[in-house]
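Remarks on the structure that follows.
The values are calculated or read from the model by the stated rules, or taken from the named source; none is laboratory data. These numbers were taken from a predicted model, which means no experiment stands behind them. Cβ placement follows ideal geometry from the backbone for every residue including glycine, while neighbour counts extend to all protein chains displayed. Remember, those area values only see protein heavy atoms, side chains included, never the ligands or the DNA or RNA. Shrake-Rupley method; radii C 1.70, N 1.55, O 1.52, S 1.80 Å.
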Amino acid sequence: MKFWRSLVGKLWITIICLVAVVLITLGLFLLPYIDSNFANSGAIKRLFMYTCMIGFSLTTFFALFLFTKITQPMQQVIEAADNIRRGKYGTRLTLVTSDEIGQLATSFNHMAEELEENIRSLNHEKGHLSSVLRSMSDAVLTFDIEGKIILTNPHGQALLETWSDLGWEQESESELYPQGAGDSEVPPPLRPLFFSTLSQGGDQRSQVHVRQGVWSVHMAPLYSEDTIRGAVAVLRDVTEEVKLEKMRRDFVANVSHEIRTPLSMMQGYSEALLDGMASSPEESSELVQVIHDESLRMGRLVKDLLDLARMEAGHTDMMKVPVDMGGLLERVYRKFSVRAKERGIDLELKCGSDPQLLKAADEDKLEQVLTNLLDNAFRHTPADKRITVLTGSTVLEGRRYLEITIRDEGVGIPPEDLPFIFERFYKADKARVRGESGGTGLGLAIVKNIVESHHGTITAASKLGEGTDFILRLPVEKQ
């Protein structure tokens, strides 16, 4: 700041002007008096000029003194305040005086300390909030009153990027949403909840469906002095929870259905025996045989359920040792040869020339897998058709696998049902009716669990009316 524009400069100019006015006034009255009353008027006039010069010099010295005592401390205060403005909150004044400027410096230092502490607390809270938002597995989106996004966490940003690639249906927003909603950055699935939150002023909860995903949304308004200034939404992906809940309901319904059927038959035939409806020993034996068969069916169902529950819980006991799959396939082939002759089905085993030794596998579990697959093939293959068991080897991702294909010439599986055949109680294919032996609907689910516990894979390929191929791949080397 220039000296002439400072407070001391203005004060100094004012003093000079006052001194000059006083001296000029005195000169106007004294000079004529000196000329008329004093003989040596020139000496007196020189004395008067010297006095004026000394007065001006004293005035200048006084102004410089004021500049040193007032202006320089004020400049330090101004510089310190400017440092605070630029974010240097550690700036302090070292002025030690007992006047008003010293009190101003003390108050300034106290203010700077309080401001630094508040800023430090705010930064700490901001960092804490940022860490909480980053560590949250839920997506957090914050909108202002106009629907503009003002804050997100990483999961929320990823969700917005994912949703931005989806082509939302272009509906008449003027009818669905308030005026100006077209400029909103709120994703379309959240807009009804957003406008409901702004209009009602309370927390809102809902579930939104986006493609194959389900999101649980909790949206709350943001207030500023009793005025809503926006809303914050917390989104949680509950797709798996909804899917598991549906699977639980379907499981209970399917188990109830599977158990109810044999129970009803056992109850009906036992009541017939109790009522004496069997007129001959042969009829009684037939009724008892039906009850026995249904009890065996219930036993198989309970056993399969327990096996599947243990497998899915990771409690499968396996004794993995080197297994000769060629010998195992021969044994399973001989076991089903009699059934093939009785059904009039051509059962064929074609083993490749490659070594068929698995270095770590459970022979009993693999026999159960082959038995379930062949039993499934027999139940859905009519007479005069063929079931073929093929073996070979393949290399996937640098690992060698033994590949076993069980091919039948049955009715096949519809393409829309093929992805679900390894689920529990799969019965979607109306064409694949059960044979006389019946099934529990758990065989393929058990097969998949056993194969995956061996670090292998099982897939199915089918053409409706031509047959089905189950392709089993088991790693040769120990995993």
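Mind checking the full-extension length gain between D165 and R229? Use 0.36 nm per residue of separation minus the Cα-Cα distance, one decimal, nm. List each step's numbers first, then the result.
Details: separation 64, 0.36 × 64 = 23.04 nm, distance 2.87 nm.
Once the chain is fully extended between D165 and R229, it gains 20.2 nm.
Here the gap between K303 and E117, fully extended at 0.36 nm per residue and compared with their Cα-Cα distance, gives a gain of 60.1 nm.
Per residue, the accessible area of region 199-301 comes to 67 Å² when a 1.4 Å probe rolls over the protein heavy atoms.
GluC sites (Glu not before Pro), restricted to region 222-282: which are DSSP loop and have at most 10 other Cβ atoms within 10 Å? Don't skip to the end; give the middle numbers.
Details: sites: E225, E240, E241, E245, E258, E271, E282; in loops: E225.
Listed in order of number, the matching sites are E225.
Under the combined filter of DSSP loop state and at most 13 neighbouring Cβ atoms within 10 Å, region 210-246 retains these trypsin sites (Lys or Arg not before Pro): R211. With 0.36 nm allotted per residue and the present C-alpha distance subtracted, the C351-M265 stretch has 26.6 nm of extension available. Where the centre of each part is set by its Cα atoms, how far does region 79-120 sit from region 240-272, in angstrom? A separation of 79 Å, based on Cα centres. Among residues other than F470 with Cβ under 10 Å from its Cβ, the summed charge is -1 (Lys and Arg +1, Asp and Glu -1).
Applying the Karplus relation 6.51 cos²θ - 1.76 cosθ + 1.60 with θ = phi - 60° to region 322-337 yields 3J(HN,Hα) values of x, 10, 8, 5, x, x, 5, 5, 4, 5, 5, 4, 5, 5, 9, 5 Hz, where x marks Gly and Pro.
Heavy-atom accessible surface of E114, to the nearest 10 Å², is about 120 Å², with a 1.4 Å probe and all protein chains retained. For the cross-link pairs K243/K478; K303/K463; K341/K463; K88/K126; K88/K148; K320/K448, the ones whose C-alpha atoms lie over 29 Å apart are K243/K478; K303/K463; K88/K148.
For a bin width of 10 Å, list the pair-distance distribution of region 71-162 built from all Cα-Cα distances, rounded to whole %. Percent of pairs per bin, in order: 15, 28, 19, 17, 14, 7, 0.
Report the FRET efficiency, 1/(1 + (r/R0)^6), for E125 and M247, where r is their Cβ-Cβ distance and R0 is 45 Å, rounded to 0.05.
Given R0 = 45 Å and the Cβ-Cβ separation, E is 0.55.
K350 exposes around 100 Å² of accessible area when a 1.4 Å probe is run over every protein chain in place.
Going by accessible surface with a 1.4 Å probe and the largest first, Y223, Y333 read Y223, Y333. Measuring r between the beta carbons of R386 and H455 and using R0 = 45 Å, the FRET efficiency lands at 0.90. Modelled label positions at N109 and T51, each set 7 Å beyond Cα in the direction of Cβ, lie 4.8 nm from each other.
Highest-first packing order for the peptide set 117-130, 454-467 is 454-467, 117-130, based on the mean count of other beta carbon atoms within 10 Å.
Please list V19, V208, V395 from largest to smallest accessible area, probe radius 1.4 Å, with all protein chains kept in place. Can you show the working numbers first?
Details: V19 40, V208 15, V395 95 Å².
Highest to lowest solvent-accessible surface, that is V395, V19, V208.
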